[in-house]
Amino acid sequence: MSEQQNIPTLKAQAKLVVLGAGESGVGAAYLAQQKGFDVFVSDFGPIADKYKAQLQQWNIRFEEQQHTEAKILAATEVVKSPGIPEKAPIIKKLREQKTPVISEIEFAGRYTEAKMICITGSNGKTTTTSLTYHILKNEGLNVGLAGNIGNSFAYQVATESFDYYVLEISSFMLDDMYEFKADIAVLLNITPDHLDRYDYKLENYAASKFRITQNQTEHDYFIYCADDAETLKGLQSRTFGAQMLPFSIEKNIQPGAYLENDNIVINIHQEHFTMSIKDLALQGKHNIYNSMASGIVAKVLELRNERMRESMGNFKNIEHRLEFVAKISGISFINDSKATNVNSTWYALESMTSDVVLILGGVDKGNDYGMLKDLVKQKVKAIVCLGKDNKRIHDAFEDDVEVIVNTFSAQEAAQIAFHLAEKGDTVLLSPACASFDLFKNYEDRGQQFKDAVREL
């Protein structure tokens, strides 16, 4: 975990090094150049053609497939890609010489006066961020979408003039944020994920998530789930400057949001909102939580109830998150490739209303499949493994389902799942694992699955 560091007020021509030339890094480099910094971009891997062309077009110096230490260690400040771990040798050397290392969000946040709506959580953050943006945009607010989603925040700060930003923030981003402040912070839940980056300690990961509330004052808002055990545990050992707005489907909470007779009820200050869960575009228990969180944000901003209901009723979910692909011979195919941890797969299974042929597997991040066992017994008739090493899936579920089959491509997985399913069933790709063994990323996995389904 990064320690607090003193961030200098940098003068023009200070040396800014950007590590990682993906969406966030290239955007940060553009903003830095615009603000008069001497910018150098270094990526230890190959740089995608799209980003290389942008850097060349903007005359920003860069290197790929190496880190030239002399140039990097001479930096006044370093903006680091969220994917680079603390244990990377170059980061260790920067830390040793006390060079400030920050995230793109921290850097870009210095150059905008926009209100920041920041959403984090182990699960549901992309859906909730997208829904919140959809509600605000439909109301006519001048709003940008960034963070882990959409175009680089820094690039938007450099080229747009938004009044609000809705930012999806990962724990990795939070680790390198210091002075940045969320006007509205949302913490959806905390479940084990990425523990390899946190010394395999859940409390370290939780501490990272709670950084979403840092620097908040009594003028700001902290929205959180009052039904999430790890969140409640974290609340006990911390104090908060912001106004607290919890949401729950288990108990009546005011101020905040709760469930009453299948209606979402939001009561904060003088603002009151109700909506039937049957009218929500997003179905399933987990999406009630996501909709509550987005709804509270909307009421904090005093948006109109009628427009909120319209937005929450017509929202189209993001690609690769419980995305309906097709119905073939009465069998529904659902692409949930974005489910890269066990908890995400639990939520997906929980929302299923038919028998399921479940496609699981990939790079296992030390998964505990125990929490899936009850839902698998209730709903899953067969498991199709999609990964190079499926032993742990077999070990976890061999007593719970009759059929577990190994496959090594999306096409093979879709074909076998189709043959195992019957009319009225659902074939659900919800892998609970990362995708890097057979695919470039979860998007590639989801796209290959969708292509395979359409060829059936």
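The values are calculated or read from the model by the stated rules, or taken from the named source; none is laboratory data. Keep in mind it's a predicted model, so treat the numbers as computed, not measured. So basically every Cβ, Gly included, is an ideal-geometry build from the backbone, and we count neighbours across all protein chains shown. Quick note on the areas: whole protein, heavy atoms, side chains included, nothing else; ligands and nucleic acids left out. Shrake-Rupley method; radii C 1.70, N 1.55, O 1.52, S 1.80 Å.
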* Would you kindly give the portion of the calculated P(r) for the chain that falls above 32 Å, as a percent of all Cα pairs? => 42
* To do: Answer with one residue from Thr120, Asn261, Leu358: the one whose Cα lies farthest towards the positive end of the charge dipole of the chain, charges on Cβ with Lys, Arg +1 and Asp, Glu -1.
  => Thr120
* Relative contact order for the stretch 46-127, counting Cα pairs under 8 Å that sit 6 or more residues apart, in percent -> 23
* Could you give the C-alpha radius of gyration of the stretch 102-225 expressed as a fraction of 2.2 N^0.38 Å, taking N as the number of residues it contains? => 1.01
* Structure fact -> For the stretch 27-173, inverting the pair-averaged 1/r of distinct alpha-carbon atoms gives a Kirkwood value in Å of 16.5
* Asked: What accessible surface, in Å², does a 1.4 Å probe find on Lys87, ignoring ligands, DNA and RNA and rounding to the nearest 10?
  -> 140
* Asked: Where in the chain are the DSSP H helices whose C-alpha atoms run 20 Å or more along the long axis and whose mean Kyte hydropathy is at least 1.0?
  -> none
* Structure fact -> With DSSP loop assignment and no more than 10 other C-beta atoms within 10 Å, the GluC sites (Glu not before Pro) in the stretch 383-456 are Glu402, Glu455
* Go through Lys50, Lys201, Lys316 and list them by solvent-accessible area, largest first, probe radius 1.4 Å. => Lys316, Lys50, Lys201
* **Accessible area per residue, Å², the chain with all protein chains present, probe 1.4 Å** => 43
* Relative contact order [Cα under 8 Å, 6+ residues apart], the stretch 269-326, whole percent -> 43
* Asked: Ordered by residue, what ³J(HN,Hα) values in Hz, to whole numbers, does the stretch 396-405 give under the Karplus form 6.51 cos²θ - 1.76 cosθ + 1.60, where θ = phi - 60° and Gly and Pro are x?
  -> 6, 10, 5, 8, 9, 10, 6, 10, 10, 10
* To do: Heavy atoms only, probe 1.4 Å: what % of the accessible area of the chain goes to carbon and sulfur, would you let me know?
  => 46
* So how much accessible area does Lys338 have, in Å² to the nearest 10, using a 1.4 Å probe? -> 40
* Structure fact -> Mean projected area (nm²) from the convex hull of Cα positions in the stretch 253-337 is 6.4
* To do: Could you order Thr68, Thr99 so the one with the most accessible surface comes first? Probe is 1.4 Å.
  => Thr68, Thr99
* Within the chain, percent of DSSP bridges classed antiparallel, to nearest 5 -> 25
* Rounded, prolate or oblate (a/c below 1.5 giving rounded, otherwise prolate when a/b exceeds b/c) for the stretch 335-434 by Cα gyration tensor -> rounded
* Accessible heavy-atom area order of Lys365, Lys450, highest first, probe of 1.4 Å -> Lys365, Lys450
* Please give the solvent-accessible surface of Arg307 in Å², to the nearest 10, using a probe radius of 1.4 Å with every protein chain present. => 70
